[in-house]
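Asker: Here it is, the structure in full.
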Amino acid sequence: MALSFRLCLTLLVLFFLPPVLADEETDSRLPLDELRLFVQVFDQIRQAYVEEVDDETLLENAIKGLLGGLDPHSAYLDKESFGDLQEHTTGEFGGLGIEVGLEGGFVRVIAPIDDTPAQKAGIQAGDLIIKLDDQSVQGMSLQEAIELMRGPKGTSLTLTIVREGVEGPFRVDIVRDLIRVKSVRSRELEPGFGYVRIAQFQTDTAKQFEKELKDLLASEKPLKGVIIDLRNNPGGILPASIEVVDALVDDGLIVYTEGRIPSANTRQNATPGDLLQGLPVVVLINEGSASASEIVAGALQDHGRAIILGTQSFGKGSVQTVLPIGDGRAVKLTTARYFTPSGRSIQAEGIVPDILVERAEIKFLAKGETFKEENLAGHLENKKDKATKSTSGESSQYLNDNQLYEALNLLKGIAILSAGASANK
């Protein structure tokens, strides 16, 4: 016991000593009572726990607890977890397809990823996962929960979910698959109006984004505006989000970060050039838009480069740095807070949209009998050729997405005003 006590105390003193020596003017002192308490607990576990646990495992568990107690995003990454993280940033990994965080001891869904088993099973942003199969997640670290959710393609997992507005917990069976995330995709909603969906920020997201914009600009009908959909985008690689903003902003600050160490204090500025050359942009966000997607929305909002429409975003305004510690392991540590160009911190607050549009069901009312001028006997004819255009069916594609419908109508209104202003010059 004496050897164990001296060894652990020496390790802990060495761990805590450098910060004290680095600042001799502070009145900081080593918390010796707490260090002794830790060693006593450590030794009691070694001697009295029902099953023998080796010192290496105990110390690794202590490290996990040390990081897990800081915030929902800091974590210790063993070899497997570090490898999974690297796979995740490149867009291919095995599992369910959800971005999660810890809240109140349970796992909170930040957002389901597009075209994954979780999204197809109906998992929603904000869902609280309380069980994985028959195992409660309460007391688990975030990394332990993630490891349970991952698994070989074709294997199943039962999630027990608590959802706001639904009475009582309910179970959802999901079959795992190989998750291949296509970061960016686009389409033309109507002639002249483009749509770009960014599902997640990966290493090549900015290049994909620029390519999709160029393809829209090359369409036969001149482009009048673009909708960028960041709903249920859980974030990802910080540099990718900065590059996406840079593609639309000519100059000025994009984002800055503040932390305790010099490397955590950064300022990222735009370079000249706007791919859309000032064409109007509407950005869609919701409560599943987090981290890097909030950087994009906040920067474009502060620059007046886009109208933000939807619901308030998730509010993850912290930066995590992955610090390799050797032997294939790493520490994911929150090192800074990020701020929008105007100085707003969105930590635990989120981006508030310029135009609030809650999710709702659209129902077009059946047309009844109508009576117009043309129905009156002896009405005057319109001498100009009638330019008839049927609008039936054009709006039906948006029945399940009222936010996209509102965004498109907004772009159309801006285009009409812009055309009128140009004609009057």
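FYI, it's all coordinate maths here, none of it is from the lab. Note that the structure is a prediction, hence the values are computed from the model and not measured. With ideal geometry, Cβ positions are generated from the backbone for all residues, glycine too; neighbour counts draw on all protein chains shown.
Asker: In the chain, if the dipole is taken from +1 on Lys/Arg beta carbons and -1 on Asp/Glu beta carbons about the Cα centre, which of Phe371, Val100, Gly326 is farthest to the positive end?
Answerer: Of the listed residues, the answer is Phe371.
Asker: Next up: So how compact is the stretch 184-356: Cα radius of gyration and Dmax in angstrom?
Answerer: 16.2, 56
Asker: On to the next question. Just round it to a whole percent: the fraction of Cα-Cα distances in the stretch 92-180 exceeding 22 Å.
Answerer: Everything past 22 Å amounts to 15 percent.
Asker: Residue separation times 0.36 nm, minus the C-alpha to C-alpha distance between Gln347 and Asp327: what's the value?
Answerer: 3.9 nm
Asker: Suppose R0 equals 60 Å. What FRET efficiency, 1/(1 + (r/R0)^6) with r the Cβ-Cβ distance, do Glu369 and Lys79 give to the nearest 0.05?
Answerer: Given R0 = 60 Å and the Cβ-Cβ separation, E is 0.25.
Asker: Just round it to a whole percent: the fraction of Cα-Cα distances in the chain exceeding 34 Å.
Answerer: That tail contains 44 percent of the Cα-Cα pairs.
Asker: Now for a separate question. Work out how much length Ala377 to Leu356 would gain on full extension: take 0.36 nm times their residue separation and subtract the Cα-Cα distance, in nm to one decimal.
Answerer: Contour length minus the Cα-Cα distance gives 2.9 nm.
Asker: Nearest 10 degrees, 0 to 90: what angle lies between the long axis of helix 292-302 and the longest principal axis of the chain (Cα atoms)?
Answerer: Computed tilt is about 50 degrees.
Asker: Follow-up. Going down the table (Lys131/Lys363; Lys131/Lys153; Lys64/Lys182; Lys64/Lys316; Lys182/Lys367), which pairs top 29 Å between alpha carbons?
Answerer: Lys131/Lys363; Lys64/Lys182; Lys182/Lys367
Asker: Moving to a separate point now. With both bridge residues required to lie in the chain, what share of the DSSP beta bridges run antiparallel, to the nearest 5%?
Answerer: Taking every DSSP beta bridge with both residues in the chain, the antiparallel ones total about 75 percent.
Asker: Still on this structure: Of the listed peptides 100-106, 334-340, 227-233, what is their order by residue-averaged count of other C-beta atoms within 10 Å, with the highest listed first?
Answerer: 227-233, 334-340, 100-106
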